[in-house]
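> Here you go, one structure.
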Amino acid sequence: MKTFAFRSIATGILVAGPTTLVAQETVLELGTIHIYADRRGEDVKEQPRAVSILNEQDLDTSPTEPGAGIARNAPGLTFSGFGQPGTDFLNIRGVGPLGYPLSATDHTVAYSVNEVPTSTFGFSPSLFDMEQVEVVRGPQGTLFGRNALAGGVNFRPKGADGTRERHLTFEAGSDGQLIADVAAGGWLVEDRLAGRVAMRFQDFDGDVSNTIAGGTEGGASLSAARVSLTGYTYSGWTLSAMFQADRRESHNSYLLYHEHPNFPEAGGARLPTHSRENRQVILSAERDFDTFSFTSLTGFQRQDVTGDVAGTDAYTFAALYGLPSGNFSDPSTDYFLTNETEEIFSQEFRLSSLGEGELSWTLGANYFLSDYDGQRDAVSASQPTSNGVTNVDIETESWSVFADGTWALSDRLRLSGGIRHGWEAQSVNGKYVSNGFPGTLPSYDQYDRIEDHYTTGRVGLSYDFTDAATGYVSWSTGYAGGGYEKLLVGSATGVPTAPFEAASIRTLEAGLKFASLDDRADFNLALFHNDVKNGQMFDYEFQGGQVFYTFTNQDYRSYGLEFDGSYRVTNALRLRGSLSLLDSEMFNVSASTNTGAQNGNQVPLSPGVSATLGFDYDISGAAVGITGDIRLSSDWSHVGARKADISNTFDLPAHDIVNARLSWLRGTATYYAFANNLLDERPVHFSSQYTPSVHTASVGTGRVVGLGVSMDF
């Protein structure tokens, strides 16, 4: 099999992570790039689909919005959300939630850690000590299963493989940013038992002033630890275990008054606080037999999410009602207290082919169980649906069988395909008790259950025009399960929550992958067309002092072009960039809908244009009279304007992020200075309209500058 230089296929921002610039050669020959999301580690170049492999220097280490860094580094991805656990999500190629995720298991991009599925509460995982992140664009129902409508993201932390490593990073920046990383790995018993431990501490004070409650919003902190063990038995088994525990706390509001003259300035009567505690165990057992390999993959995960937020923003509501902001500054009149727990168990057994024969294949069976329990204690001065205590239990159970393979028809032509069939059931058990607010029932209970089954598949052809260029064409389908929204907002007034329907997708894609054998240039080009049936829709609108919620389904389509690549101009200078062009529209809109959707409306949160451009420039230390080498890196990313809601009444503004870094690579240490978001842009990740002149927003982090050091021992 051919060997070529390890490079990131994604070409977005180089962010200010502590491991962004580790001492390394200009070209690092690591052989074939493998993708493990396909369950058998094939060469990514031979995959008949668009794939981005992100390594450590591509991952955003910001504690406030780690998912945004993934989106900036993979073309076709867009980050959105409230900046709170369970509400941040990705949109891929215009396919995503039409609103925001309705429950822990409601997502159109499938997320997994070491191929073990997680939920929206698990996005994004704590991004420290990562080997790579695999982003597969287009429906991935065959291998990822349910809710891979738009694609899949597989996170691969570094495991225990016996390699000796001792690594330490410390970084300090403006607004109280601190990052400390430590990792160590090696043999515990030579050639028999390997171990690795990694820890991270992150803190950021925030940069959004709250002039009503006092204090600062936009801050976040993270404490995380991971232990990995790998054992090799005399009988040929490889047994691995990963244990992780982390706690993330954030202080973000999605109710900031967008038209405020000092935007972003917060006016909540309570400082928002959200936390997510995650405990995860992944166990794997693998063995090669004469003609195939066997893998057992077991996952346990528990996530506890809490929230304490004001239900109003004084500046937003002052503009809405024409009253002084002080009328909305009582922390006891409008708030939401939430306490949510999700436990996930998954088990997969699979058989896979060995070696590099004409046929590469895998087949298996998967079981998934999610048990969600949530409590919401809400108080509102005006909304009946935002008063009282609601307890909700949602159980989702799924079984599936799958097969996937690639057949080499000749030295250059490959046929690839797969199929998956699944069964699933979801039940909801809700109990509501009023706090006495007028218009609410004293109590209300709801119990319902739905069942469904689905089949997804794919077929593709790839052809090596030359040793450097491969073209492909593929057709694939995906499925996102139906279910119940976790708020049960109708309970207060006795309206049962109806389940939203399952969604499906059909995608046609064609592309070209090129990687020059001298490592001078590489690029990837993809054209695609998505056709989504029953996309799951959530919307709310503000009328006459009341909020009205809508949960329904809507057909839509999207099509476009993606390009990303890099070019080594000289031995010292490499350029990289990407471009995504997208068009989308809704169709088959019901004439009786009250969502405001119309035929031809664009899919919300889907920019028509996004782009990146960056460079790395290396300077020999000898040329400037110092030991070691200098590297200058800078990156620019652009996200175009995008429709904010289903009715296309207003746009989220375009934003540009510029990052820069100066590094001194000296021996096994790297000393660096960085400036993240150099232009101090405040990207709006989500927005809601109360009136045409009053909008709320959640925003990203502003400019952060600082210094850091990364050392290997």
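The values are calculated or read from the model by the stated rules, or taken from the named source; none is laboratory data. None of these values were measured; they are calculated from a predicted model. Quick reminder, even Gly has a Cβ in these numbers, built from the backbone with ideal geometry, and neighbours come from all protein chains shown.
> Considering every residue within the range 224-232, establish whether at least one is in a strand (DSSP E or B), under 24 Å from the mean Cα position of the chain (by Cα) and surrounded by fewer than 20 Cβ atoms within 10 Å (Cβ to Cβ).
Yes: the range 224-232 contains one or more residues that are in a strand (DSSP E or B), under 24 Å from the mean Cα position of the chain (by Cα) and surrounded by fewer than 20 Cβ atoms within 10 Å (Cβ to Cβ).
> If you don't mind, another one. State all residues of the range 394-418 that are among the basic types (Lys, Arg) and part of a strand (DSSP E or B); if no residue qualifies, say none.
Matches in the range 394-418: Arg414 only.
> Right, something else. Give the number of residues within the range 540-555 that are part of a strand (DSSP E or B) and either surrounded by fewer than 20 Cβ atoms within 10 Å (Cβ to Cβ) or at pLDDT 95 or above (or both).
So the count comes out to 11.
> I would also like to ask the following. Considering every residue within the range 662-670, establish whether at least one is farther than 30 Å from Arg520 by Cα and assigned to a loop (DSSP other than H, G, I, E, B).
No, the conditions are met nowhere in the range 662-670.
> Can I ask one more? Restricting the search to the range 455-513, which residues are under 16 Å from Ile394 (Cβ atoms) and not hydrophobic (A, V, I, L, M, F, W, C)?
Passing the criteria: Gly481, Gly482, Gly483, Tyr484, Glu485, Lys486, Gly490, Ser491, Pro496, Thr497, Pro499.
> Can you tell which of Arg576, Arg631, Arg557 is under 28 Å from Thr456 (Cβ atoms) and not hydroxyl-bearing (Ser, Thr, Tyr)?
Just one listed residue meets the conditions, Arg557.
> Across the range 150-168, what is the total count of residues that are part of a strand (DSSP E or B), farther than 30 Å from Arg49 by Cα and touching a Gly at 6+ places or on another chain (Cβ under 7 Å)?
So the answer is 1.
> Looking only at the range 205-237, which residues are basic (Lys, Arg) and either within 21 Å of Gln84 (Cα to Cα) or modelled with pLDDT under 95 (or both)?
none
> Any idea how many residues of the range 136-195 are surrounded by 20 or more Cβ atoms within 10 Å (Cβ to Cβ), at negative phi and of a type in the set (S, T, N, Q)?
The number of residues fulfilling the criteria is 5.
> Considering the range 620-635 alone, what residues qualify as being of a type in the set (A, V, I, L, M, F, W, C) and at pLDDT 95 or above?
Ile630, Leu632
> With the condition being farther than 17 Å from Arg137 by Cβ, I'd like the strands (runs of 3 or more DSSP E) fully within the range 49-121 carrying at least 1 qualifying residues.
By residue number, 109-113, 116-118.
> Within the range 487-500, can one find any residue that is aliphatic (A, V, I, L, M), assigned to a strand (DSSP E or B) and at pLDDT below 95?
No, every residue in the range 487-500 fails to be aliphatic (A, V, I, L, M), assigned to a strand (DSSP E or B) and at pLDDT below 95.
> Among the residues of the range 536-549, is there at least one that is closer than 30 Å to Trp636 by Cα and among the small types (Gly, Ala, Ser)?
Taking every residue of the range 536-549 in turn, none turns out to be closer than 30 Å to Trp636 by Cα and among the small types (Gly, Ala, Ser).
> Given the criteria out of contact with any Lys or Arg (no Cβ under 7 Å at 6 or more places or on another chain), surrounded by 21 or more Cβ atoms within 10 Å (Cβ to Cβ), of a type outside the set (Phe, Trp, Tyr) and touching a residue at least 12 places away in the same chain (Cβ under 8 Å), does Thr273 qualify?
Against the criterion (out of contact with any Lys or Arg (no Cβ under 7 Å at 6 or more places or on another chain), surrounded by 21 or more Cβ atoms within 10 Å (Cβ to Cβ), of a type outside the set (Phe, Trp, Tyr) and touching a residue at least 12 places away in the same chain (Cβ under 8 Å)), Thr273 does not qualify.
> Quick check, is Ser606 outside any loop (DSSP other than H, G, I, E, B), buried (at least 20 other Cβ atoms within 10 Å of the Cβ) and not aromatic (Phe, Trp, Tyr)?
When the stated conditions are applied, Ser606 does not pass them.
> Criterion first (buried (at least 22 other Cβ atoms within 10 Å of the Cβ) and either under 22 Å from the mean Cα position of the chain (by Cα) or at negative phi (or both)) does Asp651 satisfy it?
No.
> Tally the residues that are of a type in the set (Gly, Ala, Ser), surrounded by fewer than 16 Cβ atoms within 10 Å (Cβ to Cβ) and within 22 Å of His695 (Cα to Cα), restricting the search to the range 290-336.
Residues flagged as of a type in the set (Gly, Ala, Ser), surrounded by fewer than 16 Cβ atoms within 10 Å (Cβ to Cβ) and within 22 Å of His695 (Cα to Cα) within the range 290-336 amount to 2.
Yes or no, residue by residue, for (1) free of Cβ contacts under 8 Å to residues at least 40 places away in the same chain; (2) surrounded by 17 or more Cβ atoms within 10 Å (Cβ to Cβ); (3) among the polar types (S, T, N, Q):
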| residue | (1), (2), (3) |
| --- | --- |
| Asn435 | no, no, yes |
| Pro442 | yes, no, no |
| Gly457 | no, yes, no |
| Thr470 | no, yes, yes |
| Ala480 | no, yes, no |
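> Also: Between a first residue in the range 391-412 that is within 30 Å of Val489 (Cβ to Cβ) and a second residue that is acidic (Asp, Glu), which pairs have beta carbons less than 6 Å apart while being 6 or more apart in sequence or on different chains?
Asp393/Asp373; Glu395/Asp371; Ser398/Glu424
> Could you tell me which of the residues Thr120, Thr78 is more than 24 Å from Phe201 (Cβ to Cβ), in contact with a Pro (Cβ under 7 Å, 6 or more places away or on another chain), modelled with pLDDT of 90 or more and crowded, with 24+ Cβ neighbours inside 10 Å?
So the residue among Thr120, Thr78 that is more than 24 Å from Phe201 (Cβ to Cβ), in contact with a Pro (Cβ under 7 Å, 6 or more places away or on another chain), modelled with pLDDT of 90 or more and crowded, with 24+ Cβ neighbours inside 10 Å is Thr78.
> Applying the selection to the range 236-260, what residues are surrounded by fewer than 16 Cβ atoms within 10 Å (Cβ to Cβ) and either out of contact with any strand residue (DSSP E or B) (no Cβ under 7 Å at 6 or more places or on another chain) or of a type in the set (Val, Ile, Thr) (or both)?
Thr238 - this is the single residue of the range 236-260 that is surrounded by fewer than 16 Cβ atoms within 10 Å (Cβ to Cβ) and either out of contact with any strand residue (DSSP E or B) (no Cβ under 7 Å at 6 or more places or on another chain) or of a type in the set (Val, Ile, Thr) (or both).
> Which pairs do you get when a residue that is assigned to a loop (DSSP other than H, G, I, E, B), found in the range 505-529, comes within reach of a residue that is buried (at least 16 other Cβ atoms within 10 Å of the Cβ) and among the hydrophobic types (A, V, I, L, M, F, W, C), reach meaning Cβ atoms under 7 angstrom, with the pair 6+ apart or on two chains?
Ser516/Ala468; Leu517/Phe4; Leu517/Ala468; Asp519/Phe4; Asp519/Ala5
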